[in-house]
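**Student:** Encoded as structure tokens, here's the structure I'll be asking about.
FYI, it's all coordinate maths here, none of it is from the lab. Predicted model, so just to flag it, every value in this text is computed and none were measured. Every residue, glycine as well, gets a Cβ built from its backbone with ideal geometry; the counts of neighbours run over all protein chains shown.
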Ligand SMILES: [Zn+2]
């Protein structure tokens, strides 16, 4: 079992990684670890997660009151305490604003499509919690129904929260969410999505134990969305990514009236390359 000192060093390390990867800007985000039944170690308010020292962290009780530490408690501590109270299996939480996943959250789109087997296996589905002002009881209430079922949640017009058996796993899930958001974005750029079937998703969920994965993270009947399933309203209202905007020129036209278009490998590569440049994200 890790000492409090080791947990402090973990929070500092993962905070720096969030900052280095561009998942937080300025003083965004927060991380915490459950120390025992009564206390949580958390990042303070108003500090860059890239510049924390172990001594900057604060220990709070389960009502959010500071027990030790010289800095102020984060205004988002209520979100962390809700998750710890509803999820006894959770010992680490990460909240950040990774740009692609937060873009989906700002577009009102959950990352709920069965597009990648590893995501179904690890997270099941990533739902979208309704918008509420950060740091308020309304935000906590918006998350409440989702926390028992999901390990990673998009928060509308805000960001992402992930939880895990320890801080390392909570952090890894944050990376997974952002990576999946980038992959999903590419499917939009390509104008095509090939969803897994319900049968294929069920097999993946059944395989979770074989891979040593525990916890809920299984999704629900409607999440993830599988091939042949009706799309939820938020997807239907989503504006399609147009080839013209990606290429900065003439969009390829359907050539036989069927709605299908044909592009060469070079044209497709140029479209994706250009669109990725526009997103300002070249990490994948
Ligand atoms: Zn936030």
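**Student:** Just order 20-27, 122-129 by mean Cβ neighbour count inside 10 Å, highest at the front, would you?
**Tutor:** In descending order of packing, they fall as 122-129, 20-27.
**Student:** At 0.36 nm per residue, and after removing the present C-alpha to C-alpha distance, how many nm does the segment from residue 213 to residue 25 gain when stretched out fully?
**Tutor:** 64.5 nm
**Student:** For segment 3-52, what's the radius of gyration and Dmax over Cα atoms, in angstrom?
**Tutor:** 10.9, 33
**Student:** When a/c reaches 1.5 or more, the comparison of a/b and b/c decides; with that in mind, is segment 135-192 rounded, prolate or oblate per its Cα gyration tensor?
**Tutor:** oblate
**Student:** Given axes a ≥ b ≥ c from the Cα gyration tensor, I'd like to know whether segment 1-122 is rounded (a/c under 1.5), prolate (a/b larger than b/c) or oblate.
**Tutor:** prolate
**Student:** Rank these for me by crowding, 197, 45, going from fewest to most other beta carbons within 10 Å.
**Tutor:** Ordered from fewest to most neighbouring Cβ atoms within 10 Å, 197, 45 come out as 197, 45.
**Student:** Right, next: Return, ordered by residue number, the residues of segment 70-110 whose backbone nitrogen is under 19 Å from a label point located 7 Å along Cα→Cβ of residue 13.
**Tutor:** 91-95, by backbone N distance to the label point.
**Student:** Can you bin segment 90-195 into rounded, prolate or oblate? Criterion: square roots of the alpha carbon gyration tensor eigenvalues sorted a ≥ b ≥ c, rounded for a/c under 1.5, prolate for a/b above b/c, oblate for the rest.
**Tutor:** In terms of gyration-tensor shape, oblate.
**Student:** Of all beta bridges DSSP finds with both residues in segment 4-190, what is the antiparallel percent, to the nearest 5?
**Tutor:** 90 percent
**Student:** At a 10 Å Cβ-Cβ cut-off, how would you order 95, 19, 188, fewest neighbours first?
**Tutor:** Arranged by neighbour count, lowest to highest, 95, 19, 188 become 188, 19, 95.
**Student:** Here's a follow-up. If r is the Cβ-Cβ distance from residue 55 to residue 186 and R0 is 41 Å, what FRET efficiency results, to the nearest 0.05?
**Tutor:** 0.45
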